[in-house]
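Participant: One structure follows; several queries about it will come next.
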Amino acid sequence: MGFFLEFGAMLKIGITGGIGSGKSTVAKIFALLGVPVYYADDAAKTIMQTDALLIEQVKEHFGQQIYNADNVLDRAALGKIVFNDKDKLELLNTLVHPATIRHSDEWANRQTAPYVLKEAALLFESGSFQFLDKCIGVSAPQPLRIHRVMKRDNIGRADVLARMYKQIDDNIKMKLCDYVIKNDEQEMVIPQVLALHEKLLQLAKGDQEL
C-alpha cells in the first residue's frame with residue numbers, strides 16, 4: 001500500500017469491497033461523522049460529461065456518435081459496445097480511471113478534514129490504491145452479497161455472478177486492504193466504523209504506528 005503521509009498532511013483513505021458488500025453504506029456512515037467522501041463511480045459519470053480530454057479520447061476510440069452535438073454521452077450506445085466485449089471494456093476503463101484519479105486528487109486537495117475517503121469498487125483493479133495512504137475493505141459472505149444485489153437491482157443470480165467475476169476475488173481484495181469492516185449482518189457496523197474513525201484521526205495527527 002502506498003504511504004505518503006507526512007506530519008500534518010491530509011490522509012487519503014480508500015474504501016472498497018465487492019459488489020453487494022455495502023461499501024457505499026459504510027462510506028455514508030463515515031460521512032455522517034464529518035469525513036469528506038469521494039464516490040468514484042458517481043464521479044466517473046460526471047467526468048465523462050465534463051472532462052474535455054476524456055471526452056475526446058472516448059470519441060476517438062468509440063466514435064463521434066457516442067456524444068451528441070452538446071457533448072452529452074449516449075450511455076446506452078456505449079454500454080452496447082462494451083457490455084460483452086472485455087477488451088473494449090478494459091480500453092474504456094484505461095481512459096476513465098486516470099481521469100477519475102486526477103479528479104479525485106483535485107477534490108481531495110480542496111478538503112480541510114484530517115482525512116478523506118475515496119469510495120470505489122475498482123480501487124485495486126484501477127491502480128488508484130497506489131495514490132492512497134491506506135485502504136479499508138468492506139466484507140460480506142458471497143451468498144449475502146448475491147442476495148443484496150438481486151434484491152437491489154432486480155436481477156437474477158447469474159447476472160450478479162457475471163458482475164462479480166469482473167472484479168478481483170473478494171478474499172484477495174480484503175487481504176490487500178489495511179483494515180476490514182465486516183458487514184455480514186452478524187457484527188454491528190457502526191461500532192466498527194467509530195473505532196476505525198478514531199484510529200484514522202490519530203494516524204492523521206502523525207501516529208504512524210496505527
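The values are calculated or read from the model by the stated rules, or taken from the named source; none is laboratory data. Computed from a predicted model, the values in this text were never measured in an experiment. Positions of Cβ are generated from backbone atoms using ideal geometry, with glycine treated the same way; all protein chains shown enter the neighbour counts. The accessibility values were calculated without ligands, DNA or RNA, using every heavy atom of the protein model including side chains. Shrake-Rupley method; radii C 1.70, N 1.55, O 1.52, S 1.80 Å.
Participant: What number goes with the only condition from (1) more than 11 Å from the chain's Cα centre (by Cα); (2) open to solvent by 40 Å² or more (accessible area, probe 1.4 Å); (3) acidic (Asp, Glu) that Asp42 does not pass?
Facilitator: Among (1) more than 11 Å from the chain's Cα centre (by Cα); (2) open to solvent by 40 Å² or more (accessible area, probe 1.4 Å); (3) acidic (Asp, Glu), the lone unmet condition for Asp42 is (1).
Participant: If Gly34 passes every condition in (1) of a type outside the set (Ser, Thr, Tyr); (2) farther than 30 Å from His147 by Cβ; (3) open to solvent by 50 Å² or more (accessible area, probe 1.4 Å); (4) at pLDDT below 95 but one, which one does it miss?
Facilitator: (4)
Participant: Could you say which residue among Lys151, Lys205, Lys175, Lys166 is touching a Lys or Arg at 6+ places or on another chain (Cβ under 9 Å) and open to solvent by 30 Å² or more (accessible area, probe 1.4 Å)?
Facilitator: Of the residues listed, the single one that is touching a Lys or Arg at 6+ places or on another chain (Cβ under 9 Å) and open to solvent by 30 Å² or more (accessible area, probe 1.4 Å) is Lys166.
Participant: If you take the residues of region 71-85 that are open to solvent by 50 Å² or more (accessible area, probe 1.4 Å) and within 16 Å of Lys45 (Cβ to Cβ), which of them is nearest to the chain's Cα centre (by Cα)?
Facilitator: Per the stated criteria, the residue is Arg75.
Participant: Output the residues belonging to region 125-149 that are in contact with a Ser or Thr (Cβ under 7 Å, 6 or more places away or on another chain) and either among the aliphatic types (A, V, I, L, M) or in a loop (DSSP other than H, G, I, E, B) (or both).
Facilitator: Once the filter is applied, which keeps residues that are in contact with a Ser or Thr (Cβ under 7 Å, 6 or more places away or on another chain) and either among the aliphatic types (A, V, I, L, M) or in a loop (DSSP other than H, G, I, E, B) (or both), region 125-149 yields Val138, Ala140.
Participant: Looking at region 189-198, is at least one residue modelled with pLDDT under 95, among the hydrophobic types (A, V, I, L, M, F, W, C) and part of a helix (DSSP H, G or I)?
Facilitator: no
Participant: Being without any contact (Cβ under 8 Å) to a residue 24 or more places away in the chain and among the acidic types (Asp, Glu) is the filter here; which residues of region 128-162 pass it?
Facilitator: If the condition is that a residue be without any contact (Cβ under 8 Å) to a residue 24 or more places away in the chain and among the acidic types (Asp, Glu), then Asp153, Asp159 are the ones that fit.
Participant: Going by the conditions given, is Gln111 in contact (Cβ under 8 Å) with a residue 24 or more places away in the chain, within 16 Å of Tyr39 (Cα to Cα) and surrounded by fewer than 17 Cβ atoms within 10 Å (Cβ to Cβ)?
Facilitator: It is true that Gln111 is in contact (Cβ under 8 Å) with a residue 24 or more places away in the chain, within 16 Å of Tyr39 (Cα to Cα) and surrounded by fewer than 17 Cβ atoms within 10 Å (Cβ to Cβ).
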